[in-house]
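FYI, it's all coordinate maths here, none of it is from the lab. Since the model is a prediction, treat every value here as computed from it, not as a measurement. No Cβ is skipped: glycine too gets one built from the backbone with ideal geometry, and neighbour counts run over all protein chains shown.
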Amino acid sequence: MEKERAVLYARISLDRTGEEVGVARQLRDLRELADARGWEVIAEAVDNDISATKEVKRPGYEQVWTLVRSGKVDHVCVWQTSRFMRSRGDRARVISTFGAHNVDIVAVKGPSLDLRSAYGRGMADMMTAFDTMEGEVKSERVSAAIGDLARRGKSWGICPYGWDRVGKGVHAKQIENRHEADVVRELVDRLLAGESLNELHRDMNTRGEPSPGYIQWMKLSAEDRERRERKGRKQPPREWPKATIRALVLRDANIGVRRYRKRDNGGTEMPGEWQPIVDRIKHDRVVALLNAPDRRCHTGPRPGARKHLLTNGVGCCGVCRGPLRVARRRGSLDQTLIYTCEQRGCTGRNQARVDDLVTRVVLGRLAQPDALDWLLGDDEQARKASDRCEELQLRLDEAADSQADGKITIRQLERITARLTPELEAAQQERDAAVRSMDMHTLRDLAGPEAESRWGGMPVSVRRAVLEALGIEVVVLPRTKHGPGFEPESVHIEWKTGS
């Protein structure tokens, strides 16, 4: 008579030591169970340090399923049923599939489950529901603890790049790491000065600056690194991945903000207990710059990579209002470059002379006595609008906390929310309109007698960024005269922000 076949499954959610003592103990008991029953053990499947309530891969669990579907198993042996059926989805899947393949679950601790009969499946559904409830209660406790940390301004998880964590547990504090914070501030300043993400990415890797992910990994204890490696996580590369700079400069943590439950409509903004490492106005500017719709959707070259001053939106055709491109003048011996209409070729102008005219007009405006006041006016307006947004958001958060503490009713909270939300949206629009997409220090350096020399030392990408930040549009009109020569009057410079 053939022996009945069994597969042994052991799992533990958290293995702090990495020595797999928990699963080893489970396997020992499972082997004794199978031996006492006279079953043939065809496989031992293990998931060590892996939770059953999270969306993570469980190799051992999937191995058991492969054997069950193949019809090679009569019994699945577990230490407790909760080791195998923790979630509602797992429970439904096991009850239907195991019953169809005449496989039962035998536990070392607790009742076994005969899934081949309706009664057995019903009992399994009822009994394992409590295991599911226990897991969900634990998850709720963890979520509540994270929410409490957020309300107290504590960070969660690995210490973010830019800070060092001092102390342990709830008493730990984040203090600025000067070098890392300087890197973040440098990236923000260079983006606001007109450099592109690609330029910054190349520079970080060329000079050998370790990536944030690599730095965070190396700050972990050897034990924590081993635990992550057991779960399939690899050491991040020392070089900067392309998406890292964008994510780094857009972090709310840079301005001392803790955002809780970010997936829920952007989450709730709460003040962090750590000191900000980036000025709030600079942060608003870089967010506006990187999240601009035309930048997010653009499929052509990025602003920093554009080689000409007036292409890709800064200049336009005075006939059809289409964008300009650079081409070589037909028939010219020296292959002179001209700005021409990208769509129809309505007009064409010598690139060097148009650029020179635009430069003289812009620098002339910036050299005027009121230039600095003009530039700083928008900066102060942006700061006031940003402060107003913070004030309204704080009032909304305080109202929500008051309702949670029972100090006000839900109806009162709804009234407060209905009143303040439109004010907050209006303040956010005002802030976004006031925020320039360039660092004020860069613009301030251009105001005064040194403007011409500073402009000459800037790459084209930064000059373009200056024109965009000042809201300048250059309109190239058709020529009114035939023959050689340049007509300055056919180039109109429009200041969207007012001059």
Whole-Hz couplings from phi, Karplus 6.51/-1.76/1.60, listed for region 178-190; x for Gly and Pro: 4, 5, 5, 5, 5, 5, 4, 5, 4, 4, 4, 4, 6
Using the 10 angstrom Cβ neighbour count as an exposure proxy, how do Met126, Met204, Met85 rank, fewest first? Met126, Met204, Met85
So if I place +1 on the C-beta of Lys and Arg and -1 on the C-beta of Asp and Glu, and nothing else carries charge, what would the dipole magnitude of region 175-297 be about its Cα centre? I want it in debye, nearest 20. 600 debye
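Need the full-extension length gain, Arg31 to Ile493, defined as separation in residues times 0.36 nm minus the C-alpha distance. One decimal, nm.
Taking Arg31 through Ile493 to full extension adds about 157.9 nm, to one decimal.
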Between Thr409 and Arg344, the two model label points (7 Å from Cα along the beta-carbon direction) sit apart by a distance in nm of 6.5 nm
Phi to ³J(HN,Hα) by Karplus 6.51 cos²θ - 1.76 cosθ + 1.60 over region 73-82, Hz, x for Gly, Pro: 10, 9, 9, 10, 9, 10, 6, 9, 4, 5
Which value in nm describes the separation of the simple spin-label points at Asn198 and Ala426, placed 7 Å from the Cα toward the beta carbon? 4.3 nm
Using 0.36 nm times the number of residues separating Val108 and Lys173, minus their current alpha carbon distance, what extension gain do you get? 18.9 nm
Go ahead and run the numbers for FRET between Ala352 and Arg454, Cβ-Cβ distance against an R0 of 30 Å, rounding to 0.05. 0.90
Once amide hydrogens are built 1.01 Å from N within the peptide plane, the residues lying 5 or more places from Ala367 or on another chain with amide H under 5 Å from its amide H are Gly448
For region 191-206, just list the computed ³J(HN,Hα) in residue order, Karplus coefficients 6.51, -1.76 and 1.60, θ = phi - 60°, integers in Hz, with x standing in for Gly and Pro. 5, 6, 7, x, 6, 9, 4, 5, 4, 5, 4, 5, 5, 4, 6, 5
His101-Ala222 FRET efficiency (beta carbon distance; Förster radius 35 Å; 0.05 resolution): 0.20
So if each residue of separation counts as 0.36 nm, and I subtract the Cα-Cα distance between Thr336 and Lys234, what length gain in nm does that give? 31.4 nm
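How high is the FRET efficiency between Glu390 and Ala243 when r is their beta carbon distance and R₀ equals 30 Å, given to the nearest 0.05?
0.60
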Just want to confirm a number: the relative contact order over region 175-297, from Cα pairs under 8 angstrom separated by 6+ residues, in percent. 29 percent
I'd like to compare 404-417, 315-328: which one has the highest average count of other Cβ atoms within 10 Å, and what's the full order after that? 315-328, 404-417
